Amino acid sequence: MRSATAQSQASQDELRALQLAKLRAGLDGVLRSNPFWRARLTNVNGWDDFERLPLTAKGDLVADQAAHPPFGTNLTHPVDRFVRVHQTSGSSGDRPLRWLDTAESWSWWLSIWADHVYRAAGVRGGDRIFFAFSFGPFIGFWSAFDGAEQLGALAISGAGMTTEQRVRSLVDLQSTVLMSTPTYALRMADVAKDVGVDLTASPLRVTIHAGEPGASIPATRAAIEAAFGAACFDHTGMTELGPTGHSCSQRDGVHLVESEYIFEVLDSQGRPAAEGELVATNLGRWGMPLIRYRTGDRVSVSHEPCSCGSRFMKLAGGIRGRVDDMFTVRGVNFFPSQVEDIVRRHPRVAEFAIERGREQQMDEVTILLEITGDDSSTERLEADLRHALGVRLGCRVVPAGSLPRSELKAKRVLS
Ligand SMILES: [Zn+2]
């Protein structure tokens with residue numbers, strides 16, 4: 001009988017062999033007809049070849065789509081082979097990235113929901129899954145919705161509803177699963193309390209959250225679980241990559257779906273490390289694939305066996321945060337540099353800072369401004385911020401000289 005360590009090594013070797021086989025099969029077509037990757041990649045015969053392939057960052061994709069609108073050159077097939085288009089939330093300050101799926105790659109997304117994310121959370125065919133999501137162009141929970149149908153569950157759209165309507169619909173339809181961002185779940189809980197709805201008395205037993213790391217943050221998870229009387233799970237994914245991971249019964253981190261991706265964690269010098277930036281290669285989205293893609297997420301990885309039985313590596317505590325400093329407004333992530341980019345176009349603004357607070361469980365962000373001259377109106381700037389970022393950020397004028405200044409890196413986010 002083999003030891004547990006030997007078994008685990010054999011299983012790792014099997015996984016690596018599966019990854020390499022999938023990569024080689026997929027790359028074959030990509031290197032034949034995908035102009036973006038033809039210009040960057042060479043054939044991969046083994047892991048040494050793979051590790052020599054260049055890293056690609058979001059900026060490369062944004063530049064490519066800007067130079068070759070509307071979809072860029074990362075296309076393995078003519079556009080008429082694709083059946084869906086979604087886009088990123090535009091939260092990193094760049095223009096939104098558009099991403100196309102073929103019927104095959106969409107089906108790959110859905111199978112990851114059924115085989116991994118829903119399964120890990122114990123969601124089954126008989127469940128009723130409520131989606132507190134607006135179903136706009138942002139990919140968000142679209143794949144989860146279709147994945148729920150495929151599982152045989154009842155998929156319930158919460159699009160076009162107020163928060164109170166969502167709370168009532170969730171309860172009236174006897175939903176057993178809620179899908180939302182973590183902050184929005186807390187918002188729903190607040191509204192439920194205001195209108196006298198007891199969510200813990202409903203049949204809801206599971207909540208799954210994406211978009212923010214909240215479901216892997218113990219205090220946030222505990223607040224959601226107490227408000228809904230349900231077990232709360234995390235899910236990670238990216239518009240341009242696909243669904244990458246999920247928390248498990250241990251809920252102390254996020255397993256990465258290594259049968260469908262190659263994941264690497266690299267330090268700032270690009271060397272493999274236990275802690276660093278997550279780099280991913282998807283193995284089932286060959287119409288518009290990503291090879292060695294820098295996610296911008298900071299992670300700390302564990303290869304220890306997990307008591308849930310998963311053989312996949314685990315990000316301890318989920319995604320730690322973006323490599324850059326990030327803040328969140330209504331479930332959408334922003335960076336200080338995006339605000340700065342707008343504010344600096346207004347020469348009357350001498351200095352600014354981003355003030356973060358919490359109100360009714362939602363992040364409340366105010367831009368503090370020191371303004372020179374007699375006219376201290378902020379309407380123009382507020383309108384520009386709203387136009388550029390897609391959310392309303394209030395501005396407040398503060399006395400000259402009251403904001404922190406530094407000759408080195410400014411402390412831009414105050415909380
Ligand atoms: Zn686990």
Reachable aspartates and glutamates, given that their alpha-carbon falls under 13 Å from the alpha-carbon of residue 314 and they are not under 8 places away in the same chain: 234, 252, 258, 264, 275, 304
Förster radius 56 Å - calculated FRET efficiency between residue 374 and residue 79, Cβ distance, rounded to 0.05: 0.55
If one builds a Gaussian network model of the chain from Cα atoms under 10 Å apart, the most fluctuating residue listed among 150, 19, 269 is 269
In Å, descending, principal axis extents of the Cα set of region 55-104: 29, 21, 19
Explain nothing, just the number: dipole magnitude of the chain about its Cα centre with +1 on each Lys and Arg Cβ and -1 on each Asp and Glu Cβ, in debye rounded to the nearest 20. 360
Among DSSP beta bridges lying fully in the chain, give the percent that are antiparallel, nearest 5. 65
At a probe size of 1.4 Å, how large is the accessible area of residue 60, to the nearest 10 Å²? 60
How big is the charge dipole of region 93-159 about its Cα centre, in debye rounded to the nearest 20, if each Lys and Arg gets +1 on its Cβ and each Asp and Glu gets -1 on its Cβ? 160
Lys/Arg +1, Asp/Glu -1 at C-beta; the chain dipole; positive extreme among 401, 414, 42: 42
Enter the accessible area of residue 265 (Å², nearest 10), with the probe set to 1.4 Å and all protein chains included. 10
Could you report the accessible area of residue 184 in Å², rounded to 10, computed with a 1.4 Å probe on the protein chains as they sit in the structure? 40
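Counting heavy atoms of the protein chains only and a 1.4 Å probe, report the per residue accessible area for the chain as a whole number of Å².
I get 45 Å² per residue for the chain.
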Residue order for 279, 195 - accessible surface, 1.4 angstrom probe, largest first: 195, 279
Quote the charge dipole size of region 175-326 about the Cα centre in Debye, to the nearest 20; the model charges only the Cβ of Lys and Arg (+1) and of Asp and Glu (-1). 200
Positive end of the dipole of the chain, charges at C-beta (+1 Lys, Arg; -1 Asp, Glu), about the Cα centre: which of 203, 138, 257 has its Cα farthest in that direction? 257
How would the chain be classified by its alpha-carbon gyration tensor: rounded, prolate or oblate, with rounded meaning a/c under 1.5 and the a/b versus b/c comparison settling the rest? oblate
Which residue, 147, 331, 125, tops the fluctuation ranking in a GNM of the chain built on C-alpha contacts under 10 Å? 125
Place +1 on the Cβ of every Lys and Arg and -1 on the Cβ of every Asp and Glu in the chain, take the dipole about the Cα centre, and give the residue among 299, 21, 366 whose Cα lies farthest towards its positive end. 21
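The values are calculated or read from the model by the stated rules, or taken from the named source; none is laboratory data. All of these numbers come straight from a predicted model, not from anything done at the bench. Heads up, the Cβs are rebuilt from the backbone with ideal geometry, glycines too, and the neighbour counts pull from every protein chain shown. Keep in mind that these areas ignore ligands, DNA and RNA; they rest on the heavy atoms of the full protein, side chains included. Shrake-Rupley method; radii C 1.70, N 1.55, O 1.52, S 1.80 Å.
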